[in-house]
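Read through the structure below, which is laid out as structure tokens, and then see the notes.
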Amino acid sequence: MDKTQSLSQRLTQFGVTLAGMVIYAFLALPVLVIVLSAFSPEPYPQFPPQGFSLRWFSALLQDEGWIASLWISALLLAIVTPVTVVLGTFAAWSLARLEFRYREALQAFILSPLMIPQVVLGIALLYVLTAAGIAGMISGLVLGHVVVALPYVVRTVSVSLASMDKRLEAVSMSLGAGRWYTFRHVTLPLIKPGILAGAVFAAVTSFGEVSVSLFLSAPDTITVPVRVFNYVDQTFDPTVNAISVIFIIFAVLILMVIEKTIGLVKLS
């Protein structure tokens, strides 16, 4: 009986391990295809490549359009991420700690971009920002990306606040600390994982945003995702693969830094 049970456990463990390997291979295969195709010397994506060449990386760095889009996306990333983190953190704290009328309605309004189709949201933002005279400008793109990314920060910070012991804040204020001092020295350190997770989600969402950016961008404010979308529609060469490799490397480096500093487990 023990031998039968032991054999069953080993078979189950083997099946789970095999299933995990298949899933990981399924997820990694597209990335592998993109990376290897980027080094193909042929004028079209080829897998497996019949040679090794940095031709498409050189073409990418010599193309003024791609360089301009990289700068636009980097600028948006540098502005949208901190703005969204600050607004989302204070919004989540206010919704979790303050009592006021229509709190649930305000929370539903803030989180509504998660439920509204991106095309509808893009059209609505286009009308509003055109009326304001900033459609096609960097400021318009910043506002659009903040609207899209804000719900992710609010959700992650809200989760951290919900799991935090409120008595710690009460003890701090009972000892004479003000609400602002308690927020900075007690609440913020405890909800740091939620804030960092929100920052990551905001950065990824902003950088990968296509639907809203399509409506709000102009010829001189085209982001990388929009240029990739247009490029794939009109051209079929491995330049897109080359820029994908650059951002895969960037993402891996970011994950390594996070793991070395705070740890991915704490971030999640």
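The values are calculated or read from the model by the stated rules, or taken from the named source; none is laboratory data. Just so it is clear, the structure is predicted and the values come from calculations on it, not from any experiment. Counting neighbours? That spans all protein chains shown, and the Cβs are built from the backbone with ideal geometry, glycine included. Ligands, DNA and RNA are stripped out before the accessible areas are found, and what is left, the full protein with its side chains, is counted by its heavy atoms. Shrake-Rupley method; radii C 1.70, N 1.55, O 1.52, S 1.80 Å.
Of the residues Phe201, Phe215, Phe236, Phe247, which is under 27 Å from Val147 (Cβ atoms) and modelled with pLDDT under 80? If you could, list the steps in order and put the result at the bottom.
Numbers: Phe201 fails: modelled with pLDDT under 80; Phe215 fails: modelled with pLDDT under 80; Phe236 fails: under 27 Å from Val147 (Cβ atoms).
So the residue among Phe201, Phe215, Phe236, Phe247 that is under 27 Å from Val147 (Cβ atoms) and modelled with pLDDT under 80 is Phe247.
Which residue pairs have Cβ atoms under 7 Å apart, sit 6 or more places apart or on different chains, and have a first residue in segment 228-242 that is over 12 Å from Pro41 (Cα atoms) and a second that is at pLDDT 80 or above and surrounded by fewer than 17 Cβ atoms within 10 Å (Cβ to Cβ)?
Phe229/Val210
Of the residues Val147, Val186, only one is in a helix (DSSP H, G or I), in contact (Cβ under 8 Å) with a residue 24 or more places away in the chain and either of a type in the set (Gly, Ala, Ser) or open to solvent by less than 80 Å² (accessible area, probe 1.4 Å) (or both); which? So that I can check it myself, show each step before the final result.
Working: Val186 fails: in contact (Cβ under 8 Å) with a residue 24 or more places away in the chain.
Checking each option against the conditions leaves just Val147.
Any idea which of Gly122, Gly144 is modelled with pLDDT under 85 and either closer than 14 Å to Glu209 by Cα or outside the structural domain of Thr221 (by the TED database) (or both)?
Values: Gly144 fails: modelled with pLDDT under 85.
None of the other options fit; the residue is Gly122.
Among the residues of segment 78-109, what is the count of those that are open to solvent by 50 Å² or more (accessible area, probe 1.4 Å) and among the hydrophobic types (A, V, I, L, M, F, W, C)?
Residues flagged as open to solvent by 50 Å² or more (accessible area, probe 1.4 Å) and among the hydrophobic types (A, V, I, L, M, F, W, C) within segment 78-109 amount to 12.
From the set of residues in segment 118-138 that are surrounded by fewer than 16 Cβ atoms within 10 Å (Cβ to Cβ) and without any contact (Cβ under 8 Å) to a residue 40 or more places away in the chain, which is nearest to the chain's Cα centre (by Cα)?
Val120
Evaluate the following for Ile222: is it open to solvent by 20 Å² or more (accessible area, probe 1.4 Å), within 30 Å of Leu32 (Cβ to Cβ) and in a loop (DSSP other than H, G, I, E, B)?
On the way: open to solvent by 20 Å² or more (accessible area, probe 1.4 Å): yes; within 30 Å of Leu32 (Cβ to Cβ): yes; in a loop (DSSP other than H, G, I, E, B): yes.
Considered against the rule, which asks whether it is open to solvent by 20 Å² or more (accessible area, probe 1.4 Å), within 30 Å of Leu32 (Cβ to Cβ) and in a loop (DSSP other than H, G, I, E, B), Ile222 comes out as yes.
Part of a helix (DSSP H, G or I), among the hydrophobic types (A, V, I, L, M, F, W, C), outside the structural domain of Phe207 (by the TED database) and more than 14 Å from Ala242 (Cα to Cα): which single residue out of Phe57, Phe26 fits that description?
Details: Phe57 fails: more than 14 Å from Ala242 (Cα to Cα).
Going through Phe57, Phe26 in turn, just one is part of a helix (DSSP H, G or I), among the hydrophobic types (A, V, I, L, M, F, W, C), outside the structural domain of Phe207 (by the TED database) and more than 14 Å from Ala242 (Cα to Cα): Phe26.
For segment 127-139, enumerate the residues that are in a helix (DSSP H, G or I), more than 17 Å from Ser206 (Cα to Cα) and not aromatic (Phe, Trp, Tyr). Give the derivation first.
Step one: list which residues in segment 127-139 are in a helix (DSSP H, G or I), which gives 127-132, 138-139.
Those left that are additionally more than 17 Å from Ser206 (Cα to Cα): 127-132.
Correct list: Val128, Leu129, Thr130, Ala131, Ala132.
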